[in-house]
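The values are calculated or read from the model by the stated rules, or taken from the named source; none is laboratory data. If you're wondering where the values come from, they're calculated on a predicted model, not measured in any experiment. Note that each Cβ is placed from the backbone with ideal geometry, even for glycine, and that neighbours are counted across all protein chains shown. Accessible surface areas use protein heavy atoms only, side chains included; no ligands, DNA or RNA. Shrake-Rupley method; radii C 1.70, N 1.55, O 1.52, S 1.80 Å.
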Amino acid sequence: MSNTILIGAQWGDEGKGKIIDVLTERVDWVVRPQGGNNAGHTVEIGEERFVLHLVPSGILTPGKRCVIGNGVVLDPVALVEEIKGVTGRGLSVEGRLFISDRAHVVFPYHRMLDAQGEARRAKGDQIGTTMRGIGPAYGDKAARFGLRMCDLVDPEFPALLRARVEEKNRILAAMGAPVVVYDEILAATQKAMEVLRPLVCDTVSLLHAAVGRGESLLFEGAQGIMLDIDFGTYPYVTSSNASSGGASTGSGVPPSRIDHVVGVLKAYTTRVGEGPFPTELLDATGEELRRVGREFGATTGRPRRCGWFDAVVARHAVMTCGVDEWALTKLDVFDGFETLKICVAYDLDGRRIEHFPANIREAARCKPVYEDMPGWRSSTRDILRYGDLPAAAKRYIARLEQVTGVPVGILSLGPRRESTLVLGEKDA
Ligand code: IMP
């Protein structure tokens with residue numbers, strides 16, 4: 001297999017963890033290029049359920065090697081906890097997990113500033129962040145005030161940290177917020193580094209060498225295109241590039257070395273946090289999707305907002321990420337539904353539009369233009385062949401392919417590894 005990027009094609013929570021787990025079988029390396037522990041990638045293996053936030057899901061497949069790339073912002077204390085969870089299950093990280101020396105670090109003052117930022121916004125203007133300090137950490141990166149993993153392994157780290165803590169405490173004090181304690185942060189970080197130090201290296205050279213040897217890479221995108229800092233519903237977005245371009249800038253592997261993009265798409269749409277969501281259902285159908293699809297955040301436990309499938313959003317992912325095939329997840333959630341709807345365009349102030357507007361005030365006024373599709377009212381849970389799907393389910397998939405212009409290559413009909421169909425020709 002070649003080098004592949006996997007991206008979320010909606011607002012995150014598309015079921016990427018499970019698809020990555022399945023695709024991992026085919027590759028040598030899994031690389032996480034962006035985001036932080038705001039992500040929650042869930043994988044169910046047998047009776048066990050794993051939720052990974054920073055460590056690439058590939059760690060669950062013995063023998064595969066994983067990289068946390070330079071584009072990630074990394075909370076060292078949270079990462080150590082996660083590593084303990086992995087090793088506690090008998091999986092080793094030694095020689096399998098590598099952390100970029102260029103990855104930026106999330107400190108407690110970033111989390112504090114995240115909380116303050118949300119609290120200080122006017123009611124209704126909150127982003128609904130995961131409170132993991134992601135925005136402030138990327139802010140420091142852009143402002144050239146951040147600390148990176150290479151700084152944490154440097155003898156000058158205490159002095160570098162002191163300068164940051166003093167500056168951040170001035171800001172926190174001016175806000176009337178609690179300040180952070182330098183000694184505590186230093187001690188906690190140094191303790192975490194006892195575990196992380198051996199894993200920190202130049203992952204750019206490491207990946208370059210792997211590609212040179214003909215080994216294959218899978219880039220594990222976090223969040224989704226509509227949360228991308230450039231192409232999402234700004235400002236209701238995360239602070240990194242969740243689009244396919246983020247895979248290159250977040251790993252140092254150039255675009256010319258990457259040849260395939262898989263978009264993960266849920267059969268309906270969900271979003272956590274605030275911001276426009278044209279197909280959102282605030283009625284019993286939305287409730288039903290949330291209940292049947294178990295739509296509660298893997299990181300924060302928050303109930304997810306739910307709505308019908310939105311082809312405008314999917315086409316936005318196709319344009320900005322170059323999606324070659326879809327991995328369609330959670331189609332089984334529709335098993336009990338009489339009628340399904342697909343949004344094919346929007347009505348904006350009486351005008352039909354086919355693209356997602358940049359202006360969120362316009363996005364909030366967009367009314368979905370729906371097509372009705374019949375449901376199938378039978379279980380698809382244990383189906384192992386595409387040909388065994390109910391005819392109405394095949395029609396739903398075919399229509400989705402038509403309105404997005406991209407074929408469905410992988411179909412997921414349940415949370416477990418086994419309930420994933422890798423499709424060839426679909427005329428069976
Ligand atoms: P932040 O990334 O914590 O700053 O949150 C910004 C927005 O992105 C909020 O609406 C979050 O709910 C959303 N978000 C961040 N990470 C994820 C994710 O992994 N899945 C879904 N939503 C996310």
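Distance from the alpha carbon centroid of segment 332-348 to that of segment 300-325 works out to 13 angstrom. Using a simple spin-label model with pseudo-atoms 7 Å out from Cα toward Cβ, Val153 and Ser379 lie 5.1 nm apart. From most to least packed by mean Cβ count within 10 Å, the peptides 9-20, 240-251, 201-212 give 9-20, 240-251, 201-212.
In loop segments of segment 97-182 as defined by DSSP, the GluC sites (Glu not before Pro) with at most 12 further C-beta atoms inside 10 Å of their C-beta are Glu156.
Counted residue by residue at 0.36 nm each, then reduced by the alpha carbon distance between them, the extension gain from Asp183 to Gln402 reaches 73.0 nm. Farthest toward the positive end of the dipole of segment 265-422, out of Pro374, Leu282, Ala391, is the Cα of Leu282, where the dipole comes from beta carbon charges about the Cα centre.
The Cα atoms of segment 173-259 give a gyration tensor whose axes a ≥ b ≥ c have a/c of 1.5 or more with a/b no greater than b/c, which makes the shape oblate. Would segment 265-422 count as rounded, prolate or oblate if I go by the C-alpha gyration tensor, calling it rounded below 1.5 in a/c and otherwise prolate when a/b exceeds b/c, oblate otherwise? Because a/c hits 1.5 or more and a/b exceeds b/c, segment 265-422 counts as prolate. Taking amide hydrogens as placed 1.01 Å from N in the peptide plane, the amide H of Ile45 sits under 5 Å from those of Phe50, each at least 5 positions away in sequence or on another chain. Of the GluC sites (Glu not before Pro) found in segment 336-428, those in coil by DSSP whose Cβ has at most 10 other Cβ atoms within 10 Å are Glu338, Glu425. Basic side chains Lys and Arg get +1 at the Cβ, acidic Asp and Glu get -1 at the Cβ, and with that the dipole of segment 105-181 about its Cα centre reaches some 220 debye. When segment 181-239 is described by a simple charge dipole with +1 on each Lys and Arg Cβ and -1 on each Asp and Glu Cβ, the residue from Cys201, Tyr236, Gly221 located farthest towards its positive end is Cys201.
Inter-label distance, Ala392 to Ala284: 1.7 nm, where each label sits 7 Å from its Cα along the C-beta direction. DSSP beta bridges confined to the chain are antiparallel in about 40 percent of cases. Each residue of segment 330-341 is assigned a 3J(HN,Hα), and the resulting list reads 6, 4, 4, 4, 7, 3, x, 8, 6, 10, 10, 10 Hz, derived from the Karplus form 6.51 cos²θ - 1.76 cosθ + 1.60 (θ = phi - 60°), x at Gly and Pro. Restricting things to alpha carbons, find the Rg to Rh ratio for the chain using the Kirkwood radius for Rh. Rounded to two decimals, Rg over Rh is 0.97. Spacing of the modelled spin labels on Ser256 and Glu194, each 7 Å from Cα toward Cβ, amounts to 4.7 nm. Taking all protein chains into account, the per residue accessible area for the chain stands at 40 Å² (1.4 Å probe).
Taking a ≥ b ≥ c as the square roots of the eigenvalues of the Cα gyration tensor of segment 60-139, is the shape rounded (a/c under 1.5), prolate (a/b larger than b/c) or oblate? The shape class here is prolate. Amide H to amide H distances under 5 Å link Leu340 with Met373, Gly375, where only residues 5 or more positions off or on other chains count and H is placed in the peptide plane. When the trypsin sites (Lys or Arg not before Pro) in segment 144-213 are filtered for DSSP coil states and for at most 15 other beta-carbon atoms within 10 Å of their beta-carbon, the remaining sites are Arg144, Arg213.
If one computes P(r) from the Cα atoms of segment 104-195, what percent of pairs lie at distances over 21 Å? I get 31 percent for the Cα pairs in segment 104-195 exceeding 21 Å.
Could you check how much of the accessible area of segment 123-166 is carbon and sulfur, as a whole percent, using a 1.4 Å probe? Using a 1.4 Å probe with all protein chains present, segment 123-166 comes out at 53 percent carbon and sulfur. Expressed as a rounded percentage, what relative contact order does the chain have, with Cα pairs under 8 Å and six or more residues apart? With pairs under 8 Å counted, the relative contact order is 20 percent.
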